[in-house]
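J.: First the structure, which I've put down as structure tokens, then a few questions once you've had a look.
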Amino acid sequence: MPDIESLLKETRVFKPHKEFTKQANWNKKQVAEYRKLGAKDPARFWAKMAKQNVSWFTPWKTTLQWKPPFAKWFVGGKLNVSYNCLDRHLEAENAWRRNKAAIIWEGEPGDTRVLTYGELHREVCKFANVLKDQGVKKGDRIALYMPMIPELAIAMLACTRIGAPHNVVFGGFSAQALRDRINDAGAKLVVTADGGYRRGSPHALKPAVDEALKGCDGVETVVMVKRTGEPTNFVEGRDLWWHEVMAGASAKCPPAKLDAEHPLFILYTSGTTGKPKGILHTTGGYLTHVTTTAKAIFDLKDSDTFWCTADIGWITGHSYVIYGILANGATSLMYEGTPTHPGPDRFWDIIERWGVTIFYTAPTAIRTFIRLGDEHPKSHDLSSLRLLGTVGEPINPEAWMWYHRVIGGRRCPIVDTWWQTETGGIMITPLPGAVDTKPGSATLPFPGIQAEVWDEEGQTVTPPNGGFLVLKQPWPGMLRGIWGDPKRYQETYWSQYKNTYFAGDGAHRDPQGYFWIMGRIDDVMNISSHRIGTMEVESALVSHPKVAESAVVGRPDEITGTAIVAFVTPLGGIQADKELGEELRNHVTKQIGAIAKPAEIRFTDALPKTRSGKIMRRLLRDIASGKETVGDTSTLEDYSVLAKLKESEEG
Ligand code: PRX
């Protein structure tokens, strides 16, 4: 990994500003105390956080039951997530929050909606009653395939109110991907919209739902929000309009008292096989983790307007657009559309107009903005900002410095937060009032989290060597399993080392113990901060009738981090040309979604394989990135393949 070199040479250190530290939710003393407790007795630390930050109907009896690799947190405790995100902010001494903005929403065309805590509570209760009227019971799964509109937040919170786990499917996924997720989760009801706005035009969603449901016998009902008003297919007896069912719904719905380990949601993410994994999160531990981290890392205060730019279709949106932010009673901004519509300054315009104080985005977005030019952020007043965050992929020090200088005006701390769909919440991160930052480093584990970098034998590596990032102790937000596949759960995360979580990332630590995350070490690519499995794209390609074989690798890309390159062997007699390349690209889009569309397709009549038939991806990665192959090729079965590959035709 060439980036390792440059990252390791990074010597700049930024100390927290005194003024920030003075007002921080967690100051240096507190952080030191929490680190000590978290190291000595992580369960006690988290129990303290669960008491401090979450409201329980019934206290738990056992903080942690750990039968590796299965953890149960806060056993015996009862709570409700929507109660924590809404009701408790409307009661007693918090009642003043009734008219405080919970969600500030801005549509791409410029329409806006502000939902106060009082209003959001009302809408959530109403939709929870709609779900009940449709026969949804505790434990039933609900699929949400929606644009970034307030109804998505309402639907999620309504699910949590009655204990129906939601399964949000990113609106950019195809009908096929949606069908697979609905079936795997066994969802009974789908909430969707006619469409949403992307890049200045309405983008239909409902046709994908209609298509997906041709192969989903378990779905009885579809509730559809009218967002774009474009003509839409409507299936009588199955489809319902959101506004019609909501009109008659009661706004009274007591929150269900759920076990701490009651399933909260399933969210699919890519792995090293062709089939995405349904990551399962449960109630009490997840809420404790996201609420605590949001308060400490983002320094959330009542006066903040917090904007996380992630789509709710990904874990970042779940944890830090919705749950962690609303559970703290803060104001969460939600934006529907693309960052560059109608102009390259849309994000900065939003920050200025709404007075956003905390901004959390991905390095890929930052790199895009750098390329678009400083004049766009500079033409807006960004002085409301007081803290910045990044997530999703390693940030290169230069992008960090630009973010610090141009967006943060050199005054805002930057929190580079490492975590995963599986971890539920942030794991390695600066604490803005207490930890010195270094551009490109996610710094140190959050208190109560025990991360290490190990070699293959499970020995701690010492600087400057790199190794595998592992987590040595269970944590409250950790995934509880892969939906319907305990074996895969065990194999994916717990088989490399005994009783230790294997994150799938490579990392280094510097002499101060800071973590420098180097990226995935498995066959998972990180495309614009979104995980796509190479196998997933390969399965999509070989499902095309003209393809015999394919191998997919990532190559470094300045903007998206990684770009997808597919090496394809067509079936005998098939013409490999630009037309076929385009056909295959569209085929992948149809199978998975536009995010998985290969940037490049290269035709070849053979793929490099070992004598045992394994594709040598390392060679392909070198070829895709235009590098001379320096690695060991002694196990290559047919040397002539290498030469041919270098000359392979681009389709
Ligand atoms: O490779 C790491 C990278 O994103 C992966 C997790 O992807 P996903 O489950 O989609 O969740 C993304 C948002 C939480 C990780 O295995 N990653 C995430 N954050 C960082 C990161 N890599 C480096 N630095 C980060 N801050």
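J.: Explain nothing, just compute: Karplus ³J(HN,Hα) = 6.51 cos²θ - 1.76 cosθ + 1.60, θ = phi - 60°, for every residue of the range 42-58 in order, whole Hz, x for Gly and Pro.
T.: With the stated coefficients, the range 42-58 comes to x, 5, 5, 4, 5, 4, 4, 5, 5, 6, 5, 10, 10, 9, 10, 6, 10 Hz.
J.: 7 Å from Cα along Cα→Cβ at both Lys472 and Leu372: what's the point-to-point distance in nm?
T.: The modelled label-to-label distance comes out at 4.4 nm.
J.: Taking neighbour counts of Cβ atoms within 10 Å as a proxy for exposure, in what order, fewest first, do Trp494, Trp475 appear?
T.: Trp494, Trp475
J.: Could you compute the net charge surrounding Trp454? Neighbours are other residues with a C-beta less than 13 Å from the C-beta of Trp454; K and R count +1, D and E count -1.
T.: -2
J.: For Glu10, Glu582, which order do you get if you count the other beta carbons within 10 Å of each Cβ and list the fewest first?
T.: Glu582, Glu10
J.: On to the next question. Sort out for me the Cα centre separation of the range 177-196 from the range 427-487, rounded to whole Å.
T.: So the separation of the two Cα centres works out to 33 Å.
J.: Using +1 on the beta carbon of Lys and Arg, -1 on that of Asp and Glu, and nothing else charged, what's the dipole of the range 349-484 about the Cα centre, debye to 20?
T.: It works out to roughly 440 debye.
J.: Remind me, relative contact order of the chain in percent, using alpha carbon pairs under 8 angstrom and six or more residues apart?
T.: 14
J.: Work through the residues other than Phe234 whose Cβ is under 12 Å from its Cβ and net out their charges, Lys, Arg +1 and Asp, Glu -1.
T.: It works out to a net charge of -2.
J.: Report the full-extension gain for the segment Lys22 to Asn99: residue separation times 0.36 nm, less the Cα-Cα distance, to one decimal in nm.
T.: 24.8 nm
J.: Considering only DSSP beta bridges where both residues belong to the chain, give the percentage that are antiparallel (nearest 5).
T.: So the antiparallel bridges in the chain amount to around 60 percent.
J.: Do any cysteines of the chain lack a neighbour Cys whose Cβ is under 4.7 Å away, and which are they?
T.: Cys85, Cys159, Cys216, Cys308, Cys412
J.: Quick one: which residues, 5+ away or cross-chain, put their amide H under 5 Å from the amide H of Asp416? H built at 1.01 Å from N.
T.: Here the answer is Thr390, since their amide H atoms fall under 5 Å of that of Asp416.
J.: Output wanted: per-residue J couplings in Hz (rounded whole) for the range 305-316, from phi through Karplus 6.51 cos²θ - 1.76 cosθ + 1.60, θ = phi - 60°, x for Gly and Pro.
T.: Going residue by residue, I get 10, 9, 10, 9, 7, 5, 6, 5, x, 10, 4, 4 Hz, with x marking Gly and Pro.
J.: Okay, moving on. Output the pairs from Lys137/Lys275; Lys438/Lys590; Lys36/Lys295; Lys275/Lys498; Lys206/Lys275 with a Cα-Cα distance over 31 Å in this structure; if there are none, say none.
T.: Lys438/Lys590
J.: Search the structure for amide H atoms under 5 Å from the amide H of Thr305, placed 1.01 Å from N in the peptide plane, and list their residues when 5 or more places away or on another chain.
T.: Under 5 Å from the amide H of Thr305 lie the amide H atoms of Thr357, Ile358, each far enough along the sequence or on another chain.
J.: How large is ³J(HN,Hα) for each residue in the range 123-136, as worked out from phi by the Karplus curve 6.51 cos²θ - 1.76 cosθ + 1.60 (θ = phi - 60°), to whole Hz, x for Gly and Pro?
T.: 5, 5, 4, 4, 5, 4, 5, 4, 4, 4, 4, 8, x, 6
J.: Here is a follow-up. If you rank Phe234, Phe127 by fewest surrounding Cβ atoms within 10 Å, what's the result?
T.: Going from least to most buried by this count: Phe234, Phe127.
J.: Report, by chain and number, residues whose modeled amide H sits under 5 Å from the one on Gly519, excluding near sequence neighbours (fewer than 5 apart, same chain).
T.: Here Gly506 satisfy the definition.
J.: Once the other residues with Cβ under 12 Å from the Cβ of Val169 are scored (Lys, Arg +1; Asp, Glu -1), what is the net sum?
T.: 0
Throughout, read-outs are computed from the coordinates displayed, never taken from laboratory work. Note that the structure is predicted; figures quoted are calculated from it, not measured. Every residue, glycine among them, receives a Cβ derived from its backbone with ideal geometry; neighbour counts consider all protein chains shown.
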